[in-house]
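Below is one structure, written out as structure tokens; comments come after it.
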Amino acid sequence: LRAGVLVAGAGLLPATASARTATAAPAPAAPALAGAGMNRVDGWRKVSGTADYPNDVAEPGMAHAALACSTIASGRITGIDTSGAESAPGVLAVLTHLNAPKVQRPPGEPPAPLQGDVVDHHGHYLAVVVARTPQQAAEAASLIEVDYEVRSPVVAIDDPRAPRAPAGTGTTRGDVPGALADSAVRYDATFTTPANTHNPMGLFSAVAGWDGPRLTVHSNSQGPSAMQESLAAAFELPAADVTVVAPFVGGGFGSALRTWPHVQLAALAAREVGLPVRLVLTRPQMFTGVGHRTGTVQRLRIGMDRDGTLRAIEHRSTQTAAVDDDNVDPVTSGTAVRYACANVATHDEQVRLTIPGPCSMRAPGEAQGNFALESAIDELSYQVGIDPIELRLRNFAATDQESGLPWSSNALRECYRRGAELFGWSRRPAQPRSLREGDELVGYGVATASFPFFGLPCEASVAVLADGTAVVRSSTAEIGTGSRTVITQLAAQRLGLEVGSVGFEIGDSRLPTAPLAGGSGLTGSLGAAVDAAVLRLWQGFLDLVADDPAAPLRGARVDQLAATGGRLHLVDDPATGETYAAMLARHGRGDLAADGAFDSSSHDVNGLSRAGAFGAQFVEVRVDADLGAVRVARIVSAIDGGRILNEKTARSQIIGGAVGGIGMALFEDTATDPGTGRITNATFADYLIPVNGDVPDHQVAFVGTPDRFNPVGVKGVGEVGLTGLPPAIANAIHHATGKRLRSLPMTLDQLL
Ligand code: MOS
């Protein structure tokens, strides 16, 4: 695949030589994609019930599993009585730590299930019960009797009993204490953010079956290839003996990045009973078994000159972690690079609690850290009497403050300008609590949004069939972001085919290896891999006709080619060429295929610039003057996501991110009872999320240019749209009421 790697950089954009010297100059405009604002290619399947979500998979003879979970958060199992469960109707097997086979713990994954008697969080799996029906399995699981040696749970971030340690992230530059002491304006405040739970609509499930030594699992996954590797490690199998299938996911937001223990339990159960087994988590189990956003306490100290120039920033964060699972959200990382500032110290600390393991959740770290930083900048704007946008412009970071590297592209200033214009920011009176309509206090708020962009190694294949249509293949997952659609568009454009003539097979670990669909990084990596595969496919066609006297393209080179209307032809002489179908037919071929790969480490621009998506997000809030109830009345987001492949799906990503941001700001709070360590609101009735009535009109404007960091020109739009919302809402609430809220979620009791 090396050749594919090498040509990846020569794709849709000239991303090579010029980028070395002129990363700040605008990149050339990329050609509009076919179907630029088209609907999702899989939309009709999703709304017609024909999309094959993992928990819809039914295998012949399939049995059903249910889990018994601990009702304590900390302690040891001293006795477990499964006799009632074993004799319950329909029960085929009951596995506990006393009889479960050994399962290895794969690198980076949570502890393997049923491997000991220690309980270190509420909801810890005690047993898996397999029965003929899901109801029989659930009933039998409820009959399991457990005796514990109970220890006191440690679940509060400020509990002095909890072990704490540096998280290994953070940076120091300049003289922070000195610059803080010298600053004319000083700021010191503490922010708290609670645990949030991802709550994808689709309940996570696993349908596992064994064919001799070979395991097949249908499961919710943001990366079937990663889950394949994880399961192979857990069961000590060759990777080739494990297949993971996940063409549709049902939502992820980060919770499907890992292989959680329930997947291993489904596989164990299936091996035990010699039948395929389906295990579907309950909604409460979704709160304890598949991760959550870590809670934080953050202290920000900032020194500023009277003219608004940032002199020093110190950002220290403590975040929650599980006793025996590793997750670090880079809470303070954004602070180190957001604004021009010579003296910066950031530090992340972890405190280990008897809670379920946290994991990445949409814009991990950036979401919590940006709430603190962008609230603080807003507070400072009042202290120095400078408009919040002007203050941000004065401290614009023209280069990456950590490395000194130029940005691969950065239209943040244009985001402020365009967003302010669309929002009507000039109508904002500087004085808080000065806008009122009837019983409602009205406030305007703005915040910078940002999310880093990076590439990951990725493979894809492209085949053209005898009828001139094409099939793209990659193991990647579609978690609802629109990847299936935009990659289909990219492939169609590159191949010179109609979008409807390109199929895209994904969600299966037997397909070419794609990275996790996460970190807003997939489209760039996969797009580049597809691009490379297309170029190698063209080479394949040239090889096919190399000795063919009837071939117009005999002797041509790939770099001379373009494709339109299903025809491969010379760029400079479009009349010279022929259709894919004609070449295949003349040579008696049913198809022609090629692999391609992208590896960011071999991509020219990597290491020469720093990439990221940016944005400015504006919010109007209405606060009931008597009751304190907060309503977000409208949102404007101006986003620099590099090249926008599909205006519609990209806009949906920004809107979806903002909905998550509203939830984080005003509603979401995974609450843990300090006495029992139990999550007290682990249902959709009790865990509040925004509903349609909480989500206002949201105007999204894309600014910026195709980026040079990635051959496709994108910078990722999956997460940036969340990051500005919590602080923009906090800043708008302050503007409306004069009250500064530094603790999420911002509930009405804080405003009375
Ligand atoms: Mo995202 S938290 O990388 O799925």
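The values are calculated or read from the model by the stated rules, or taken from the named source; none is laboratory data. Model, not experiment: these values are computed from the prediction. We place every Cβ from the backbone using ideal geometry, glycine too, and count neighbours over all the protein chains shown.
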Might you let me know whether the range 565-585 holds any residue that is modelled with pLDDT of 95 or more, outside any loop (DSSP other than H, G, I, E, B) and within 34 Å of the chain's Cα centre (by Cα)? no
Which numbered condition trips up Asp81, out of (1) surrounded by 14 or more Cβ atoms within 10 Å (Cβ to Cβ); (2) over 29 Å from the mean Cα position of the chain (by Cα); (3) charged (D, E, K, R)? (1)
Can you find even one residue in the range 667-684 that is touching a Phe, Trp or Tyr at 6+ places or on another chain (Cβ under 6 Å) and closer than 30 Å to Ala189 by Cβ? yes
Would you pick out the residues in the range 299-346 that are of a type in the set (Gly, Ala, Ser) and either in contact with a Leu (Cβ under 6 Å, 6 or more places away or on another chain) or in a strand (DSSP E or B) (or both)? Gly303, Gly308, Ala312, Ser317, Ala321, Ala322, Ala345
Only one of Gly482, Gly527 that is outside the structural domain of Leu722 (by TED's automatic domain parsing), within 29 Å of the chain's Cα centre (by Cα), in contact (Cβ under 8 Å) with a residue 60 or more places away in the chain and within 16 Å of the ligand (Cβ to nearest atom): Gly482
Kindly indicate whether any position in the range 677-684 is assigned by TED's automatic domain parsing to the domain that holds Glu620, buried (at least 24 other Cβ atoms within 10 Å of the Cβ) and over 23 Å from Ala629 (Cα atoms). yes
Step by step: first the residues of the range 272-292, then only those that are assigned to a helix (DSSP H, G or I) and out of contact with any Pro (no Cβ under 9 Å at 6 or more places or on another chain), then the one that is surrounded by the most Cβ atoms within 10 Å (Cβ to Cβ). Which residue is that? Gln285
I'd like the full set of residues that are touching a residue at least 24 places away in the same chain (Cβ under 8 Å) and more than 21 Å from Met62 (Cβ to Cβ), limited to the range 113-124. Leu114, Asp117, Val118, Val119, Asp120, His121, His122, Gly123, His124
Strands (runs of 3 or more DSSP E) contained entirely in the range 184-271, each with at least 1 residues that are among the basic types (Lys, Arg) and away from the ligand (no atom under 16 Å from the Cβ): 185-193, 214-219
Among Thr670, Thr683, which is assigned to a loop (DSSP other than H, G, I, E, B), modelled with pLDDT of 95 or more, hydroxyl-bearing (Ser, Thr, Tyr) and within 20 Å of the chain's Cα centre (by Cα)? Thr670
It is to be established whether one or more residues within the range 185-195 are over 30 Å from Met304 (Cβ atoms) and either modelled with pLDDT of 95 or more or assigned by TED's automatic domain parsing to the domain that holds Asp305 (or both). yes
Within the set of pairs 6+ apart or on separate chains, which have a first residue in the range 137-150 that is touching a residue at least 60 places away in the same chain (Cβ under 8 Å), a second that is surrounded by fewer than 18 Cβ atoms within 10 Å (Cβ to Cβ) and charged (D, E, K, R), and C-beta atoms under 6 Å apart? Glu145/Asp81; Glu149/Arg76
With respect to Thr476, is the statement that it is within 16 Å of the ligand (Cβ to nearest atom) and either in the same structural domain as Ser360 (by TED's automatic domain parsing) or crowded, with 24+ Cβ neighbours inside 10 Å (or both) true? yes
Candidates Pro745, Pro727, filtered to the one that is under 25 Å from Val621 (Cβ atoms), in a helix (DSSP H, G or I) and not small (Gly, Ala, Ser): Pro727
